[in-house]
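The values are calculated or read from the model by the stated rules, or taken from the named source; none is laboratory data. Model, not experiment: these values are computed from the prediction. Here the Cβ positions follow ideal geometry from the backbone for every residue, glycine too, while neighbour counts run over all protein chains shown.
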Amino acid sequence: MIFKGTEKRTARDLEEEIENMGGHLNAYTSREQTTYYAKVLDKDVNNALDILADILQNSTFDQARITRERDVILREMEEVEGQTEEVIFDHLHATAFQYTPLGRTILGPAQNIKTITKEHLQNYIHTHYTAPRMVIAASGAVKHEEVVEQVKKLFTKLSADPTTASQLVANEPAIFTGSEVRIIDDDIPLAQFAVAFAGASWTDPDSIALMVMQAMLGSWNKNSVGGKHMGSELAQRVGINEIAESMMAFNTNYKDTGLFGVYAVAKPDCLDDLAYAIMYETTKLAYRVSEADVTRARNQLKSSLLLHIDGTSPVAEDIGRQLLTYGRRIPFAELFARIDSVDASTVKRVANRFIYDRDIAIAAMGPIQGLPDYNWFRRRTYWNRY
């Protein structure tokens, strides 16, 4: 709705202005952040800033357009429901963070979409789009001082409400609950599930170690060119024994918590062996870790971080995200030094904090009758060693 017209630009004016510049204007939302961005030539930076300031401060939210957009958003919801990986992670958040804001889906319930009004949107903008909670980032052919001057001129209507995101999170913290959700659907040919532990927040000192641990568990896909002999022992076990179509470790950070675990897709008759492999290799991080595996994971992580910012758009997004989460942009020299400080003893210590004998959350969907029950998984978060 924010692209559907402002007090001085109609929806058509916005589209034509961006197209005449040869630019691109869009937005996306995650569970904790919303990003509005424009990609334009260097000579059009000021115009792009003017458009962003206009839509964020002066959108009209015409009621007739809201009514028309409802059907569009409901169709988007149907499309998301067809993306099984998205559905699994929505269910995982819903069960892991039940009864907290982090457990809600990004699009929200259909009933909210059907009943939303102009007043709801205006109140949301006024409450949440405040100056202390907003970062304006730019990268590429821009000059910092010029951008700052333009922003000071254009973003003058933002609320100065001093309430920060950290204060809101403190009022409604995300509490991890060991639990599961299982949806049996025999019409789906493959079973998929995610197993997760409570993870670290963005600013947790152990968040870097968890990133290294994610790289140690790795990922594997039956159709990838990497073959079966990957560096990750979990990927090797899965590939050589052919017990999954794909698997990937994930480490998701939020303001006050996180999720760390493994997502996998497999044939129904492989679920027992796959679940054992995942739990064995994950729990092993608390007991037996080689320096060679940690070194490999550190190098992979550093390469991945560098490749992730290959372009002006990822750089701008990275700047904005880091300023919101850390209050500054961490130099790569500092980040890599923190990564290099992670060794085998660090991994075991952090695994004992987050994995050893800790509750888990499980989300599973498809022909999952062969997936072991919750207590089976929970018992394998530790080893009995004599």
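Candidates are the residues of segment 230-241 that are polar (S, T, N, Q) and surrounded by fewer than 20 Cβ atoms within 10 Å (Cβ to Cβ); the one that is farthest from MET211 (Cα to Cα) is ASN241. Screening segment 51-65 for residues that are surrounded by fewer than 16 Cβ atoms within 10 Å (Cβ to Cβ) and out of contact with any Asp or Glu (no Cβ under 7 Å at 6 or more places or on another chain) and picking the one that is farthest from THR164 (Cα to Cα) gives ALA64. For segment 169-217, a residue qualifies if it is part of a loop (DSSP other than H, G, I, E, B), crowded, with 18+ Cβ neighbours inside 10 Å and modelled with pLDDT under 95, and exactly one does: ALA174. Counting only helices (runs of 4 or more DSSP H) wholly contained in segment 52-129, the ones carrying 1 or more residues that are closer than 22 Å to ALA11 by Cβ occupy 63-81, 110-115, 118-128. The residue list ALA110, ALA48, ALA38 contains one member that is loosely packed, with under 15 Cβ neighbours inside 10 Å and of a type in the set (A, V, I, L, M), which is ALA110.
Taken over segment 353-386, the criterion of being of a type outside the set (Lys, Arg), part of a helix (DSSP H, G or I), touching a residue at least 12 places away in the same chain (Cβ under 8 Å) and more than 15 Å from ASP204 (Cβ to Cβ) is satisfied by TYR374, TRP376, PHE377.
Restricting to segment 58-74, name every residue that is touching a residue at least 24 places away in the same chain (Cβ under 8 Å) and out of contact with any strand residue (DSSP E or B) (no Cβ under 8 Å at 6 or more places or on another chain).
So the first thing to find is which residues in segment 58-74 are touching a residue at least 24 places away in the same chain (Cβ under 8 Å), and the list is 58-63, 65-66, 69-70, 73-74.
Matches in segment 58-74: PHE61, GLN63, ILE66, GLU69, ARG70, ILE73, LEU74.
Quick check on this structure: which one of VAL315, VAL347, VAL294, VAL289 is outside any helix (DSSP H, G or I), touching a residue at least 24 places away in the same chain (Cβ under 8 Å) and out of contact with any strand residue (DSSP E or B) (no Cβ under 9 Å at 6 or more places or on another chain)? Give the derivation first.
Numbers: VAL315 fails: outside any helix (DSSP H, G or I); VAL347 fails: outside any helix (DSSP H, G or I); VAL294 fails: outside any helix (DSSP H, G or I).
Exactly one of VAL315, VAL347, VAL294, VAL289 is outside any helix (DSSP H, G or I), touching a residue at least 24 places away in the same chain (Cβ under 8 Å) and out of contact with any strand residue (DSSP E or B) (no Cβ under 9 Å at 6 or more places or on another chain), namely VAL289.
Conditions tested, residue by residue: (1) at pLDDT below 95; (2) farther than 30 Å from ALA196 by Cα; (3) not assigned by TED's automatic domain parsing to the domain that holds ASP318.
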position	(1), (2), (3)
HIS91	no, no, yes
PRO109	yes, no, yes
GLN122	yes, yes, yes
THR127	yes, yes, yes
ALA137	no, yes, yes
ALA141	yes, yes, yes
GLN150	no, yes, yes
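Of everything listed in (1) aliphatic (A, V, I, L, M); (2) closer than 30 Å to ASP187 by Cα; (3) at pLDDT below 95, the single unmet condition for ILE368 is (3). In summary, PHE332 fulfils each of the numbered conditions (1) closer than 27 Å to LYS228 by Cα; (2) surrounded by fewer than 17 Cβ atoms within 10 Å (Cβ to Cβ) with the single exception of condition (1).
Among the residues of segment 242-285 satisfying the criterion of being among the aromatic types (Phe, Trp, Tyr) and surrounded by fewer than 20 Cβ atoms within 10 Å (Cβ to Cβ), which is farthest from PHE197 (Cα to Cα)? Write out each step before concluding.
Going residue by residue through segment 242-285, those that are among the aromatic types (Phe, Trp, Tyr) are 250, 254, 260, 263, 276, 280.
Those still in the list that are surrounded by fewer than 20 Cβ atoms within 10 Å (Cβ to Cβ) too: 250, 276, 280.
Numbers: PHE250: 10, TYR276: 16, TYR280: 14 Å.
Here the residue is TYR276.
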